[in-house]
Amino acid sequence: MTTTAVPVAHRAVDGRRYLLDGELDLRAPATSVADVTIAGRLHEFTTGPTGLADDVVRALGVDRFDEELSYQGGTLLTARTRPHDPRIRLTEDRLVAVWRGRRHSFFTELYGASTGHLLGVLRSLRVEEHDDGLTLLPVAKGGAVFAAPATVLKEVPGLGLLEMTPLTAQRAKQLPSWRGLRTRAGDLYRDALSDGRPYFVLATTDTWLSLVPLADTDPEQVPTLVERLDVRTAG
């Protein structure tokens, strides 16, 4: 089925914007994930629409928040969880944190940390909310640095789950030595996951895009569907 083209933009945690266009249903929201090294420790941040963070914490078994603070133009909510793993007889102490703005939110968690420690971590990042996403940018002399480029994840009905990241020199070296199938969007390569399910890699001029077909997607139709897609970056 042909869908009227409606271009969309999604902003990654680190500020890079992905512009998508084509005769596909691109209306679904996107999430972005990045690892940030702060004071020598690695922290993972996930951004998305305002409901994302609440969905994540519910999945962790948190039914209410313990603290609520005004922070950088939004609301910072925290809760503590102590999940127990009977296999290794270990109980973890996690501090779950959600920041919620007008249209977007982010989620992170720290182990064995206090609210004061959390605020110390967050002070090294500047929260900026845009129409197309949320960024967490290191402040000057804050000691924070992105461990790798952020990724953006988006589900496209009828096609699959897309994961987008910049096509760096390191990524380019991971491409097969042979030329992929030439499509409107870029070179398309096919491979298989460990469980045998097919997945694809699309290399555009500036973006590495992995594509896992949805359950109702015929993998043989993926090259035809990708012909309807245009992906590029800005900023």
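The values are calculated or read from the model by the stated rules, or taken from the named source; none is laboratory data. Please read these numbers as outputs of a predicted model, since none were measured by experiment. Don't worry about glycine lacking a Cβ; one is built from the backbone with ideal geometry, like all the others, and counts go over all protein chains shown. Calculation scope for accessible area: heavy atoms of the full protein, side chains included, ligands and nucleic acids excluded. Shrake-Rupley method; radii C 1.70, N 1.55, O 1.52, S 1.80 Å.
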Residue list for the range 43-71, restricted to those being open to solvent by 70 Å² or more (accessible area, probe 1.4 Å) and farther than 24 Å from TYR18 by Cβ:
ARG58, ALA59, ASP63, ARG64, ASP66, GLU67, GLU68, SER70
Considering every residue within the range 162-172, establish whether at least one is among the aliphatic types (A, V, I, L, M), open to solvent by less than 50 Å² (accessible area, probe 1.4 Å) and under 19 Å from GLY74 (Cβ atoms).
no
Unique residue being surrounded by fewer than 18 Cβ atoms within 10 Å (Cβ to Cβ) and among the β-branched types (Val, Ile, Thr) when the list is VAL212, VAL201, VAL226
VAL212
Sole miss for ARG87 among (1) modelled with pLDDT under 90; (2) part of a loop (DSSP other than H, G, I, E, B); (3) open to solvent by less than 70 Å² (accessible area, probe 1.4 Å) is condition (3)
